[in-house]
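Derivation of every value follows stated rules applied to the coordinates shown; laboratory data play no part. What you see is a predicted model, and the numbers here were worked out from it, not measured in a lab. Don't worry about glycine lacking a Cβ; one is built from the backbone with ideal geometry, like all the others, and counts go over all protein chains shown.
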Amino acid sequence: MNVFYLIILFMLGSSSASFLSVVTVRSHRSESIIYPKSHCDNCKNYLEFIELIPIFSYIFLKGKCKHCHELIDRTSFISEIFLGCLFVIAAFQPSPLDEIVIGINMLYLSLDDLEDTQVSRCFLIFFSVICIILGHPRLLYLVITIVLTLVLLLINHQEKSIGNADIEFCGALVILIGVNSTIIVVFIACVMALFYLLIHNNYQMKLAFIPFLAFAYWISHLFHCFIK
Ligand SMILES: [Zn+2]
């Protein structure tokens, strides 16, 4: 495949991730996406052109604001690398657009969860609809999955053991990839989350679990695509 084409895809992916980061941060602050211009949260200086280039701005500025040298959150930088790579990998898949749509949706939900562990209900429903469209489930399978998800949400409403958004996300995954693959994804996500808690030595922290589920999904999905 043409290298130039892959570079363009990578830039498109990383720019989309950069935009999604801005959207999630500003929507949680109830700010406009367009105004004010991108600025440093600490010193409020507007970002110059060089500071707006995804990935490279973070590397050139060594992860710090050019003006006040405050550390920049790495989430956006990691997201830009992830979505850039995903756009490139998608080009080698039978249905590139499906991969990209799922990638963008999962990244948005992950960033949304990372902001304050509160995920937009509207976007979760939108993600579920996308999973129904791309998963082509049989009607009976779809109805059973929706009913079981609602039952789990009802049980969890009293116990509050895990986040409702995590249950809804898994329900959407069951529609997209089936029960067995979803169990594998949840298992990988739990192992990663456990390691995360072990590293931070804090078992009381409120963990955003959707990023783990999304990352586990891509690990198992890429394994299935390239190795199996
Ligand atoms: Zn600054």
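If you stretched the chain out fully between Cys225 and Ala91, how much longer would it get, using 0.36 nm times the residue separation minus the C-alpha to C-alpha distance?
Length difference between fully extended and current span is 47.0 nm.
Between the helical axis of 3-28 and the dominant principal axis of the chain, each derived from Cα atoms, what acute angle in degrees is found, rounded to the nearest 10?
80
Please tell me which of these pairs span more than 22 angstrom C-alpha to C-alpha: Lys64/Lys206; Lys37/Lys66; Lys44/Lys206?
Cα-Cα > 22 Å for Lys64/Lys206; Lys44/Lys206; rest within.
So what is the relative contact order for the stretch 93-228, in percent, with contacts set as C-alpha pairs under 8 Å and at least six apart?
The value is 32 percent.
If I stretch the segment between Leu139 and Val101 completely, what's the gain in nm (0.36 nm per residue apart, minus their alpha carbon distance), one decimal?
Stretched fully, the Leu139-Val101 segment lengthens by 11.4 nm.
Which of the peptides 152-161, 192-201 is most tightly packed, and how do the rest follow, judged by the mean count of other Cβ atoms within 10 Å per residue?
192-201, 152-161
Less than 13 Å Cβ to Cβ from Leu124, Lys/Arg counted +1 and Asp/Glu -1: what total charge do the surrounding residues give?
Result for the local shell: -3.
What number results when the radius of gyration of the chain, computed over Cα atoms, is divided by 2.2 N^0.38 Å?
Dividing the Cα radius of gyration by 2.2 N^0.38 Å gives 1.08.
Between 0 and 90 degrees, rounded to the nearest ten: what's the tilt of helix 96-116 against the longest Cα principal axis of the chain?
With both axes taken from Cα atoms, the answer is about 80 degrees.
Put a dot 7 Å past each Cα toward the Cβ at Asn180 and Ser161; how far apart are the dots in nm?
Simple spin-label model gives 2.5 nm for this pair.
Note the angle between two axes, namely the Cα long axis of helix 164-177 and the longest principal axis of the Cα atoms of the chain, as a number of degrees from 0 to 90, rounded to the nearest 10.
Value to nearest ten degrees: 70.
Quick check for me: using +1 on Lys/Arg Cβ and -1 on Asp/Glu Cβ, what's the dipole size of the stretch 1-160 about its Cα centre, in debye to the nearest 20?
80
Would you calculate, for the chain, the mean residue ellipticity at 222 nm contributed by helices, counting each DSSP H stretch of 4 or more residues as -39,500 (n - 2.57) and dividing by all residues, to the nearest 500?
So the calculated ellipticity at 222 nm is -23500 deg cm²/dmol.
Kindly provide the chymotrypsin sites (Phe, Trp or Tyr not before Pro) of the stretch 86-141 that DSSP labels as loop, not H, G, I, E or B, and whose Cβ sees at most 16 other Cβ atoms within 10 Å.
Phe92
Once a ≥ b ≥ c are taken as the square roots of the eigenvalues of the Cα gyration tensor of the stretch 93-228, is the result rounded (a/c under 1.5), prolate (a/b larger than b/c) or oblate (a/b not larger than b/c)?
Because a/c hits 1.5 or more and a/b fails to exceed b/c, the stretch 93-228 counts as oblate.
If I model a spin label as a point 7 Å beyond the Cα along the Cα-Cβ vector, how far apart are those points for Gln118 and Gln204 in nm?
2.3
From Cα pairs below 8 angstrom and at least 6 apart in sequence, can you work out the relative contact order of the chain, rounded to a whole percent?
That works out to 19 percent.
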